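S.K.: Quick one: the structure is below, questions incoming.
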Amino acid sequence: MEERGLPVALKNMIGSEEIDFEVKAAHAKPLRSAWFFILFGAVWTAFSMIFVIAFLGPLFLGQEVNFESNGVPTTASPDNLSPIILPAVIIGIFVLIGIIFMAWGTASLFVRGGYFIGTPTRLIAFNNGNLRSIDWEQFSGDIEVTGTEQKGNLSLRMRTGNMVSRKNGPSEYVPEVIHLSGIPDVYEIERICRKRIKENDPTPVVEINKEY
């Protein structure tokens, strides 16, 4: 750690550049996205458990389960589980999906954020030994701020991204977003970022000559 409290690799990358701001993010992503996965997974799992209780519950009590398979009345019992194996596998997959969502969201709560350094020409990100330098011209200027001045979230949308296919519609372009989550002085940092993005905007200015 150096005098600024920054990792040595990050200090070496900055060199003699002027620093607009330096901040350590508390989280890798906004906590609301983690809670969304947790709640969605919980609802999904609870809904799936209805089928677990309806189809498999009687078997655990030593009772039979009567259902239709391809229009044919079928009975499964503790001594004859073969008719219900396929439904049980399908139900199990649904339950597993819900558990995965909850596990993903819970794990996201504990993923720590990295260091972010702003200079007049770029944003430098450092997390888990990985360094990334992004020129301000790569950002679109679409910025979202949430939280409070003491601890807020800053999301910077980039011009680059990926095409994401949709099942029931055309593919959609989704831009990459850089998250600075759980940072102090969020509004001041947002002001600096917006200023630097405008200064480095590669879009040519078109002047319109008006004749009177």
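The values are calculated or read from the model by the stated rules, or taken from the named source; none is laboratory data. Just so it is clear, the structure is predicted and the values come from calculations on it, not from any experiment. FYI the Cβ positions are ideal-geometry reconstructions off the backbone, even for glycines, and counts take in every protein chain you see. Heavy atoms of the whole protein, side chains included, go into the accessibility calculation; ligands, DNA and RNA do not. Shrake-Rupley method; radii C 1.70, N 1.55, O 1.52, S 1.80 Å.
S.K.: Applying a 10 Å radius around every beta-carbon, put 104-110, 126-132 in order of their mean neighbour count, most first.
M.R.: 104-110, 126-132
S.K.: Sort all Cα-Cα distances of the chain into consecutive 10 angstrom bins from zero, then give the percent of pairs in each bin up to the one containing the longest distance.
M.R.: 7, 22, 23, 16, 12, 10, 7, 2, 0, 0
S.K.: What per residue convex hull volume, in Å³, comes out for the stretch 25-77 when only alpha-carbon positions are used?
M.R.: Given the Cα convex hull of the stretch 25-77, per-residue volume reads 106 Å³.
S.K.: How long is the gain from Tyr173 to Ser16 if the chain were fully straight, where each residue apart is worth 0.36 nm and the alpha carbon distance is subtracted?
M.R.: Gain in length upon complete extension: 52.8 nm.
S.K.: Kindly write out, for the stretch 47-62 in residue order, the coupling ³J(HN,Hα) from the Karplus curve 6.51 cos²θ - 1.76 cosθ + 1.60 (θ = phi - 60°), rounded to whole Hz, with x marking Gly and Pro.
M.R.: 5, 5, 5, 4, 6, 4, 5, 5, 8, 9, x, x, 5, 5, 8, x
S.K.: For the chain, report the accessible area per residue in Å² (1.4 Å probe, heavy atoms, rounded to an integer).
M.R.: 65 Å²
S.K.: Percent relative contact order of the chain, based on C-alpha pairs within less than 8 angstrom and at least six residues apart?
M.R.: After rounding, I find 23 percent.
S.K.: On to the next question. Could you please state how large a percent of the accessible area of the chain is carbon and sulfur, counting protein chains only and using a 1.4 Å probe?
M.R.: For the chain, the apolar C and S fraction of the accessible surface comes to 59 percent.
S.K.: Something else now. All other residues with a Cβ under 11 Å from the Cβ of Tyr187 taken together, and with Lys, Arg as +1 and Asp, Glu as -1, what is their net charge?
M.R.: Cβ neighbours under 11 Å give a net charge of -2.
S.K.: Further question on the same structure: Dipole size in debye (nearest 20) for the chain around its Cα centre, Lys and Arg Cβ +1, Asp and Glu Cβ -1?
M.R.: 120 debye
S.K.: In nm, give the distance between the simple-model label positions of Ile93 and Ala42, each being 7 Å from the Cα along the Cα-to-Cβ direction.
M.R.: Taking the simple label geometry, Ile93 and Ala42 are separated by 2.7 nm.
S.K.: Hey, another quick one. Which value does Rg/Rh take for the stretch 62-177 over its C-alpha atoms, Rh per Kirkwood?
M.R.: Computed over Cα atoms, the ratio is 1.25.
S.K.: With a 10 Å radius around each residue's Cβ, average the other Cβ atoms per peptide and rank 163-175, 141-153, highest first.
M.R.: Final packing ranking: 141-153, 163-175.
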